[in-house]
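Scroll down for the structure; my scribbles are underneath it.
What follows is calculated from the coordinates using simple rules that are stated; it is not laboratory data. All values reported here derive from a predicted model rather than from experimental measurement. With ideal geometry, Cβ positions are generated from the backbone for all residues, glycine too; neighbour counts draw on all protein chains shown.
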């Protein structure tokens with residue numbers, strides 16, 4: 001014989017102003033994400049430029065043939081949403097060069113080397129060294145943006161007093 005289980009049910013109603021503030025934040029989440037990623041890239045870009053410049057002007061056996069074109073083309077590209085809902089921002093090199101070579105090729109040879117050239121990594125060390133700083137800048141930006149919008153909400157201002 002099978003017994004029936006009795007389950008207690010309850011219903012919790014949130015205040016409308018709180019629900020409205022959550023809805024407001026969720027609608028603005030894409031702009032928050034974009035601003036947050038741009039803040040992180042803004043911290044990383046000048047450091048990576050200096051690191052790249054120091055690496056390709058490093059003393060080698062022969063005199064450096066660097067033209068400085070790689071550092072000039074370093075920039076931040078727009079934020080794009082991926083199919084899985086995550087957002088990406090790319091910091092890289094534009095493909096405009098005076099000669100026929102690609103900036104991606106030049107950066108790859110500098111980073112990993114070639115048969116005739118020793119590697120002079122600048123991407124990976126920069127990423128490792130600046131990871132905490134970039135994350136802190138992104139957290140600070142997101143916290144500031146959320147605080148600005150929640151302070152405008154009447155529910156949160158009355159709840160904090």
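Got a sec? How would 134, 72 order by Cβ neighbour count within 10 Å, fewest to most?
Ranking 134, 72 by Cβ neighbours within 10 Å, fewest first, gives 72, 134.
What is the distance, in nm, between label points placed 7 Å from the Cα along the Cα-to-Cβ direction at residue 147 and at residue 3?
5.5
Treat the count of other C-beta atoms within 10 Å as a stand-in for reagent exposure and order 45, 95 from fewest to most.
Ascending number of Cβ neighbours within 10 Å: 95, 45.
For residue 115 paired with residue 135, estimate the spin-label separation in nm (one decimal), with each label point 7 Å from Cα along the Cα-to-Cβ line.
4.2
With labels modelled as points extended 7 Å from the Cα through the Cβ direction, what inter-label distance (nm, one decimal) is found for residue 84 paired with residue 19?
For the pair residue 84/residue 19, the computed spacing is 3.3 nm.
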